[in-house]
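The values are calculated or read from the model by the stated rules, or taken from the named source; none is laboratory data. Only a predicted model underlies this, so the values are computations on that prediction, with no experimental measurement involved. All Cβ positions, even for glycine, are placed from backbone atoms using ideal geometry, and neighbour counts span all protein chains on display. With ligands, DNA and RNA removed, areas are computed over all heavy atoms of the protein, side chains included. Shrake-Rupley method; radii C 1.70, N 1.55, O 1.52, S 1.80 Å.
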Amino acid sequence: MNKGSLGGNICGFINIGYGNIISSNRIISIITPGAAPIKRLVQEAKEKSLVIDATSGRKTRAVIIMDTGHIILSAVQPETVVSRLNKDISEKEED
């Protein structure tokens with residue numbers, strides 16, 4: 001199995017809302033979009049065409065930073081994404 005960015009032996013995908021799914025072993029960080037440094041980070045990534053907007057026109061509630069340098073905008077809360085990720089990890093540990 002691949003060692004993921006979050007440290008464990010994880011491999012797979014995670015639903016980030018509204019039918020959008022990303023590779024869970026590529027996630028570096030899941031953060032809220034409110035702080036000015038995060039807004040600057042997203043703006044700079046937009047200028048470099050590294051932003052993937054997965055909000056389906058809704059308000060951005062989570063910013064997911066990937067190990068490829070891409071930034072994914074999600075309309076679900078960071079806590080929701082983390083709980084889905086933790087559920088995925090615990091299911092893999094049971095196998």
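Among residues of region 70-86 that are outside any helix (DSSP H, G or I), those with a Cβ under 8 angstrom from a residue that is of a type in the set (S, T, N, Q) and open to solvent by 50 Å² or more (accessible area, probe 1.4 Å), sequence gap 6+ or separate chain, pair up as Ala75/Ser56. Across region 29-65, what is the total count of residues that are open to solvent by less than 60 Å² (accessible area, probe 1.4 Å), more than 19 Å from Tyr18 (Cα to Cα) and either touching a His at 6+ places or on another chain (Cβ under 8 Å) or outside any helix (DSSP H, G or I) (or both)? Selection size over region 29-65: 5. Every condition in (1) part of a strand (DSSP E or B); (2) touching a helix residue (DSSP H, G or I) at 6+ places or on another chain (Cβ under 9 Å); (3) open to solvent by 40 Å² or more (accessible area, probe 1.4 Å) is met by Ile21 except one, and the failing one is (2).
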